[in-house]
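The values are calculated or read from the model by the stated rules, or taken from the named source; none is laboratory data. Because the structure is predicted, anything quoted here is derived from the model rather than measured. Ligands, DNA and RNA are stripped out before the accessible areas are found, and what is left, the full protein with its side chains, is counted by its heavy atoms. Shrake-Rupley method; radii C 1.70, N 1.55, O 1.52, S 1.80 Å.
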Amino acid sequence: MRKRDLEKIKKDLLEMKQKIQSGALEMGDKDLRSDREDLLDSGDVATVELNQSFKIRLREREEKLLKKTEAALLRIEEGNFGVCEECGEEIEVKRLIARPVAGLCIECKSRQEAEEKSQAQQ
Ligand SMILES: [Zn+2]
């Protein structure tokens with residue numbers, strides 16, 4: 001991987017980490033707001049509960065993402081960033097730029113997803 005690519009990825013990761021920690025990750029706020037507005041209209045108790053579990057799920061997702069982001073930054077520090085955790089092959093740079101927290105190459109990732117799917121069906 002070129003140094004320039006790695007530096008860009010590192011910058012992205014640091015920005016993402018900051019966003020998560022300051023609660024400014026945009027995926028949450030807007031959705032939550034519109035949920036609350038619906039809530040005021042309907043006055044439905046079930047919706048309140050739904051909104052709560054939605055918030056919890058969102059928080060869990062953010063925590064997961066934060067952990068992944070920190071793990072990726074650690075891998076950069078250790079100099080083994082971009083290596084697939086599963087098979088040890090190099091992950092495509094294109095994939096890493098699009099998704100810096102990726103710890104698996106595309107092949108391992110799709111295999112994992114297929115396994116998760118088949119488990120969910122059981
Ligand atoms: Zn792999």
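Some points to look at:
- Accessible surface of region 75-122 [probe 1.4 Å, protein heavy atoms]: carbon and sulfur percent: 43
- Under 5 Å, built H, 5+ apart or other chain: amide partners of C87: C105
- Under a 5 Å amide H cut-off, with hydrogens placed 1.01 Å from N, E92 pairs with I106 among residues at least 5 apart or on other chains.
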